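Only one structure is covered here, and it is reproduced in the block below.
The values are calculated or read from the model by the stated rules, or taken from the named source; none is laboratory data. Keep in mind it's a predicted model, so treat the numbers as computed, not measured. Every residue, glycine as well, gets a Cβ built from its backbone with ideal geometry; the counts of neighbours run over all protein chains shown. Ligands, DNA and RNA are stripped out before the accessible areas are found, and what is left, the full protein with its side chains, is counted by its heavy atoms. Shrake-Rupley method; radii C 1.70, N 1.55, O 1.52, S 1.80 Å.
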Amino acid sequence: MQIEMAERILIIEDEAYIADFLRRGLLYEGYAVEVAYDGETGLAAARDRPPDLVILDLMLPGIDGMEVCRRLRAASDVPILMLTAKDAVPDRVAGLDAGADDYLVKPFDFEELLARLRAILRRRRPTPTQEVLRFADLTLNPATREVKRGDRAIELTAKEFDVLELFMRHPRQVLTRDILYERIWGYDFSGESNIIEVYIRYLRTKLEAGGEPRLLHTVRGVGYVLREP
Ligand code: CA
């Protein structure tokens, strides 16, 4: 993305004082933060508003952290930092087996959490020179800003490119209009605006100019999704 955006952290933690402590600390550090107090809400939040990283408590009411971790991992490659009150080795191993990127044992030091979080985000952050995003026969190079469908080069405007890049970073995930507004334009559009529809229409015209099948699909009443035809 060419736009500066706060990295989004989703905290899934039932203990309100820990969640609040984390939320305030991370906001202060410049992250955008959302809190879910149980696994089900957390999974819904991760699906509806894809975060850049999830801080996940192991001990949760309802669906436990390990299961939440598995489901998050099954749905996306979002980095997961697991919190556990237990210092037992089997728990740590199970957490990492379930797909967590790292874990912290409670009580933890906030600076330690920040360091781990930065390390995970840095590892996940693509190296601009190497990374090429691919989906179906579509390729997008964030460094050179080249887009191709098969061998056909596609010329996009800056905003069209940003919209397509967001979809290619979240394939098969429905991106709501709110997410698109917020991520691409950096704020909420209040009232009626058809700017998203307009950009999607431009993109489709260009992506399908060679008679290729549709990849950007409308999910009526919700938003749009990049998926196989
Ligand atoms: Ca807990």
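Quick one: in region 141-151, of everything that is out of contact with any strand residue (DSSP E or B) (no Cβ under 7 Å at 6 or more places or on another chain) and either under 20 Å from ARG227 (Cβ atoms) or among the β-branched types (Val, Ile, Thr) (or both), which residue is most open to solvent (accessible area, probe 1.4 Å)?
Across region 141-151, the extreme among qualifying residues is THR144.
Does region 61-84 contain any residue that is open to solvent by 10 Å² or more (accessible area, probe 1.4 Å) and on the phi > 0 side of the Ramachandran plot?
So far as region 61-84 goes, yes, one or more of its residues are open to solvent by 10 Å² or more (accessible area, probe 1.4 Å) and on the phi > 0 side of the Ramachandran plot.
Among the listed residues ILE120, ILE154, identify the single one that is among the β-branched types (Val, Ile, Thr), buried (at least 16 other Cβ atoms within 10 Å of the Cβ), more than 22 Å from LEU60 (Cα to Cα) and in contact with an Asp or Glu (Cβ under 6 Å, 6 or more places away or on another chain).
Going through ILE120, ILE154 in turn, just one is among the β-branched types (Val, Ile, Thr), buried (at least 16 other Cβ atoms within 10 Å of the Cβ), more than 22 Å from LEU60 (Cα to Cα) and in contact with an Asp or Glu (Cβ under 6 Å, 6 or more places away or on another chain): ILE120.
Just to confirm my filter: which helices (runs of 4 or more DSSP H) fall fully inside region 109-185 and include at least 3 residues that are closer than 30 Å to ALA19 by Cβ and in contact (Cβ under 8 Å) with a residue 24 or more places away in the chain?
Qualifying helices (runs of 4 or more DSSP H): 110-124, 177-180.
Could you tell me whether any residue of region 11-32 is open to solvent by less than 50 Å² (accessible area, probe 1.4 Å), modelled with pLDDT under 90 and hydroxyl-bearing (Ser, Thr, Tyr)?
For region 11-32, residues open to solvent by less than 50 Å² (accessible area, probe 1.4 Å), modelled with pLDDT under 90 and hydroxyl-bearing (Ser, Thr, Tyr): absent.
Which residue pairs have Cβ atoms under 8 Å apart, sit 6 or more places apart or on different chains, and have a first residue in region 8-20 that is within 19 Å of ILE120 (Cβ to Cβ) and a second that is open to solvent by 10 Å² or more (accessible area, probe 1.4 Å) and assigned to a helix (DSSP H, G or I)?
LEU10/ALA46; ILE11/ARG23; ILE12/THR41
Condition first: away from the ligand (no atom under 15 Å from the Cβ) and crowded, with 18+ Cβ neighbours inside 10 Å. Now tell me which residues in region 35-59 satisfy that. Write out each step before concluding.
Step one: of region 35-59, the residues away from the ligand (no atom under 15 Å from the Cβ) are 43-53.
If the condition is that a residue be away from the ligand (no atom under 15 Å from the Cβ) and crowded, with 18+ Cβ neighbours inside 10 Å, then LEU43, ALA45, ALA46, PRO50, PRO51, ASP52, LEU53 are the ones that fit.
Return yes or no: is LEU166 in the same structural domain as ASP137 (by TED's automatic domain parsing), modelled with pLDDT of 90 or more and open to solvent by less than 60 Å² (accessible area, probe 1.4 Å)?
Yes, satisfied.
Please count how many residues of region 169-178 are open to solvent by 30 Å² or more (accessible area, probe 1.4 Å), modelled with pLDDT of 90 or more and in contact with a Gly (Cβ under 9 Å, 6 or more places away or on another chain).
1
Does ILE200 qualify as being free of Cβ contacts under 8 Å to residues at least 40 places away in the same chain, within 21 Å of the chain's Cα centre (by Cα) and surrounded by 18 or more Cβ atoms within 10 Å (Cβ to Cβ)?
Yes: the conditions hold for ILE200.
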